[in-house]
Every structure is written in C-alpha cells, then in structure tokens.
Number of protein chains: 2
Amino acid sequence: MATKARRPERRQEPLSRERIVGAAVELLDSVGEGGLTFRALAERLATGPGAIYWHVAGKTELLAAATDAVVATALAGDHTDATPNEAIRALALGLFDAIDDHPWVGTQLARTPAQPPMLQVFERIGRQVRALGVPEAAQFTAASALLNYILGVAGQNAANARTHRPGTNRSEFLDTVASEWEELDPAQYAFTRAVAGQLREHDDRAEFAAGIDLILTGITAHEWP
Amino acid sequence: MATKARRPERRQEPLSRERIVGAAVELLDSVGEGGLTFRALAERLATGPGAIYWHVAGKTELLAAATDAVVATALAGDHTDATPNEAIRALALGLFDAIDDHPWVGTQLARTPAQPPMLQVFERIGRQVRALGVPEAAQFTAASALLNYILGVAGQNAANARTHRPGTNRSEFLDTVASEWEELDPAQYAFTRAVAGQLREHDDRAEFAAGIDLILTGITAHEWP
DNA sequence: GGAGGTGCTGGAACGGCGTTCCAGAGGATC
DNA sequence: GATCCTCTGGAACGCCGTTCCAGCACCTCC
C-alpha cells in the first residue's frame, strides 16, 4: 500500500464510471439528446469506444445513470418542516427546474418505467399524500396522479426543447406557437384559438405549479369511495 | 379517358401513403416500437426502401402519420349528449384504450409536442372544461392539467409495455413489480412498500379513470385566483 | 407508331450508430 | 523476471435512416 502512487497521473486521470457519466451529462446538455454517442463520448474522454464498455454496460444504462445523477441532485433538499402541500410543490418544482436545465431528463423519465429515481419521487410524494390524511386505499391513486402529471409535463417540456432551435428563447417560441393556434380553423378549434392569448403570456413554471395545486385541491376535496 | 384500365392490377395494388401507413401500424403493433424499419416495411410491402420515400418524407413523418391514424379512430365518437365530466372521462378512456392496444402510440404522444392529434384532444378537453364553468383565465390551466396527466399515463403505459416480455400478461407483470416493491428498504421506501399490495390488485384502467376524476374534482372545487 | 416526358419503383450505396472483439500496455504479485 | 489481471483503445460487424439513380410503365403529343 505504501508504493501506491499518491498522484497516479499515468497519462491523465483514469477512466471511471463517474467520469463517464459526468461527460455524458455534459454532452447531453450541450449537444442535446441525439448528441450522446459512444464515439463522441470517447473523443471527449480521449479514449476509444471499447474502453467505455468496461465501465458501463451500454447506452441504456448510461442514460439511466445520467438521469439518476441529475434527479438525485434535484431531490437533495428534504423540506421536512413544510406542510404536505408545500413539500409536494417544492418537490415538483425542483424536478421541473432540473428538467428545464436538462431537457433530456424529461424524455428519459417519460420513457422509463418506475426506475430508482422515479421510485424515490413516488415515495416522497406518497409520504406527503399520507400526511394529507388521504384514506389508505386512495393513497396510491393520489400519488400516481401527481406523478403522472409531473411525467406528462416533463415529456412535453423535453419535446418543446427538442423542437425550437436553441437560439430562440422561450417567449419567442411561445409567441410562434400562439400565432399558429390563432390561425386554426375557428369552427374546429374554437377553444384552442380562445386560449392562444393565454399561451402567449403564460409562464411554464407557474402553469406547472398551478396544475399541481389543482390536483392537490382534488385530492383534498375528493370524496373517496 | 376511355382507355383507362378499369382494373389496373399492374402487378399488385400500387404503393400509396395509406398503404404504407397501414403497414407501419401493423408492424409497430406486431414487432414493437423498435421494429419499424424502412427495410422491414419495404419487405412487407414487397418493394425497396427507396420507393417508400416517394410517398413519405422520413421516419418522423411516418411515425406521426401512424399515430394520427390510431388517435383519429380513438377520437371518433363525440359524446355530445353527455355531461362535461362524462365527456372528458369518455375521451380520456378512449385514448387510454387506444394506447393500451398500441403502446407505441403512448411513446409517440409523450415525445411529440402539440401536433395535430393532441391539439384535437386539447380542443375537446377545453370545450368541456369551459362547459364546466371554469373561469376563462383558468381554462388553459385546467385543460393543460388534464392533458398532461393523460400524456404522463400514456408514457408510463408505453414504458411498461416495452419492459415486460409480450408473453407475460398484465397481472403477472404487476405481481412482479409489487414483489420488487415489497423488498425495498423499509426505512427508505416505507410508503412504496405500504402500497405495493394495492399495486398488485389494481386495475390500470380504473386507476387512470380515478386520476381523471381526481383532477376533475380539483377543477370543480378549486378557488381560482 | 414513335418520341419524349412523367410518375413511380426498387436495389445499391453512404455515413453513422451501438456494440463486440482483441492485441497489448501497465501495474501488482509471486 | 515471469505471470497474471485490469483496463485500454482502435478496428470491425451488422443494422439503421437516408440518398442516389438506372429503369420501368404509362400518358401525351407529334
């Protein structure tokens, strides 16, 4: 053990699962979902594709690990002193912000069944649902509804991020979509046309939070069978 | 015009966009999301990949068209004589059933921003939300919440369908997942363990409908700002 | 009836992907 | 020094979406 090099520095810091996952996150953030390639990753790590497979089983696992890493930091705080409603709001908004920063996480969560990261979210939501006094038989339904709503928004945000060119900002994007809505057939899309104005001025994050509040109202007010 | 062949029958019925989309839907249904390949599609249509591109711009458009075709038939009925709540339930369950039959539709909807099929769903939901008497400023929020919940469930159903081998049926699958949940760390996953039993006995469709009802309760009971 | 144009076909080929394979470098152990 | 094991990274495989293009059947006009 004495001979163990203090500073290995062989030629650089050696490959490791963490370094690979870190580089994958950077790549996904900078180049987008389609940009994560074993070749591009290998180049960024100054190695070959084969070396990566020694540390990671395949692309699926790598994507899951990258998602894990982001969600884990988003779930860092624990809000133990808040009311159940506040805790759920904070949890949901933390996830929203993480997905906003890393849109590919939204895609990944929406297409992954209950894997570790989402199970943890489910658990946290569930505890607060229980704290709300929801009858035991309905706790699963209530927690699932919240989780599915969050996943739906996650997927849509990721889809929107994929659609609009990185150069344009959010309000320009909303403006474009709102204009499209306003030119739909009035007979067939009366409602959509009517709310196009709200779309143009709306705030994704606030809208998301309002949806959470809506479901929480439903959970509190619902007469459970 | 007189010389126009009554029965063309050149060598078979000619290629057409509809025939291609139909074959794509069959392929997706039978082989799964990853099974839709231009080569496989060409083989099924007894042609080459190049011929398909004459009728369809690319894979993205083909997938969108296939989704459109399925969603359109799911949205066929219009339930004009129902109450708003009933109409929304019927609409949502129609979509649920369509996704249950064609899981790949769930993936597609969850990763597509507001394209024609979902815009139509949004419009239908919105009209019923309006009929519920929701104040105008909140109609967008209410309709979005419902739509995002539906999309979340769609994505999860598709993910589940992708996970479990086609051979096993739903109750076996639920049983497996429930057993996994029951073996989680009690300290970290108290809630999840507690509801594992409910997961085992639950009915996806009824659970989905309960979530819709929950949000509808929220919409009705919420005190809009 | 021939010439030319057009709409459509389908097979070959291209570049890029995830993944596998493997010769071998480097350090630890005897 | 010999041996072993971990880890590397470049080459290669098979499949993908897509493009290219020579050629066919059919219509139209001379």
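The values are calculated or read from the model by the stated rules, or taken from the named source; none is laboratory data. Only a predicted model underlies this, so the values are computations on that prediction, with no experimental measurement involved. Using ideal geometry, Cβ is built from the backbone for each residue, glycine included, and neighbour counts are taken over all protein chains shown. Just the protein is used for accessible areas: all its heavy atoms, side chains included, with ligands, DNA and RNA removed. Shrake-Rupley method; radii C 1.70, N 1.55, O 1.52, S 1.80 Å.
Go through (1) facing chain A (nearest Cβ under 7 Å); (2) part of a helix (DSSP H, G or I) and name the single condition B:Pro113 misses.
Every listed condition holds for B:Pro113 apart from (2).
Is it true that some residue in segment B:91-112 is farther than 21 Å from B:Ala206 by Cα, more than 13 Å from the chain's Cα centre (by Cα) and open to solvent by 40 Å² or more (accessible area, probe 1.4 Å)?
Looking for residues that are farther than 21 Å from B:Ala206 by Cα, more than 13 Å from the chain's Cα centre (by Cα) and open to solvent by 40 Å² or more (accessible area, probe 1.4 Å), one finds none in segment B:91-112, hence no.
Tally the residues that are open to solvent by 10 Å² or more (accessible area, probe 1.4 Å) and within 7 Å of chain A (Cβ to nearest Cβ), restricting the search to segment B:154-176.
So the answer is 3.
Tell me, yes or no, whether segment A:201-222 has at least one residue that is farther than 30 Å from A:Gln128 by Cα and in the same structural domain as A:Phe122 (by TED's automatic domain parsing).
Within segment A:201-222, one or more residues are farther than 30 Å from A:Gln128 by Cα and in the same structural domain as A:Phe122 (by TED's automatic domain parsing).
What residue, among those in segment A:25-40 that are open to solvent by less than 50 Å² (accessible area, probe 1.4 Å) and either closer than 18 Å to A:Thr163 by Cα or of a type in the set (Ser, Thr, Tyr) (or both), is nearest to DNA strand C (Cβ to nearest atom)?
A:Leu36
Which residues, taken from segment A:42-87, are β-branched (Val, Ile, Thr), within 16 Å of DNA strand D (Cβ to nearest atom) and surrounded by fewer than 17 Cβ atoms within 10 Å (Cβ to Cβ)?
Correct list: A:Thr47, A:Thr60.
Please determine whether any residue of segment B:202-210 is at the interface with another protein chain (Cβ under 9 Å from one of its Cβ atoms) and at pLDDT below 95.
yes
Please tell me if B:Gln120 is in a helix (DSSP H, G or I) and either facing another protein chain (nearest Cβ under 7 Å) or open to solvent by less than 50 Å² (accessible area, probe 1.4 Å) (or both).
Spelling it out, it is not the case that B:Gln120 is in a helix (DSSP H, G or I) and either facing another protein chain (nearest Cβ under 7 Å) or open to solvent by less than 50 Å² (accessible area, probe 1.4 Å) (or both).
With the requirement that a residue be in a helix (DSSP H, G or I) and more than 10 Å from every other protein chain (Cβ to nearest Cβ), what does segment A:177-200 give you?
A:Ala178, A:Ser179, A:Glu182, A:Arg200
Could you list, in sequence order, the residues of segment B:200-217 that are open to solvent by less than 10 Å² (accessible area, probe 1.4 Å) and free of Cβ contacts under 8 Å to residues at least 40 places away in the same chain?
Residue satisfying the conditions is B:Leu214 alone.
Go through the residues of segment B:88-106 one by one and say whether even a single one is within 19 Å of B:Leu147 (Cβ to Cβ) and within 16 Å of DNA strand D (Cβ to nearest atom).
No.
Among what's in segment A:126-153 and is free of Cβ contacts under 8 Å to residues at least 24 places away in the same chain and more than 7 Å from chain B (Cβ to nearest Cβ), pick the residue that is most open to solvent (accessible area, probe 1.4 Å).
Only one residue tops the list, namely A:Glu136.
Identify, please: which residue in segment B:41-78 is in a helix (DSSP H, G or I) and within 14 Å of another protein chain (Cβ to nearest Cβ) and is, among those, nearest to DNA strand C (Cβ to nearest atom)?
So, considering only residues that are in a helix (DSSP H, G or I) and within 14 Å of another protein chain (Cβ to nearest Cβ), the one nearest to DNA strand C (Cβ to nearest atom) is B:Lys59.
Which condition number does B:Gly94 fail, the rest of (1) under 15 Å from B:Val71 (Cα atoms); (2) at the interface with chain A (Cβ under 8 Å from one of its Cβ atoms) being met?
Going through (1) under 15 Å from B:Val71 (Cα atoms); (2) at the interface with chain A (Cβ under 8 Å from one of its Cβ atoms) one by one, B:Gly94 breaks only (2).
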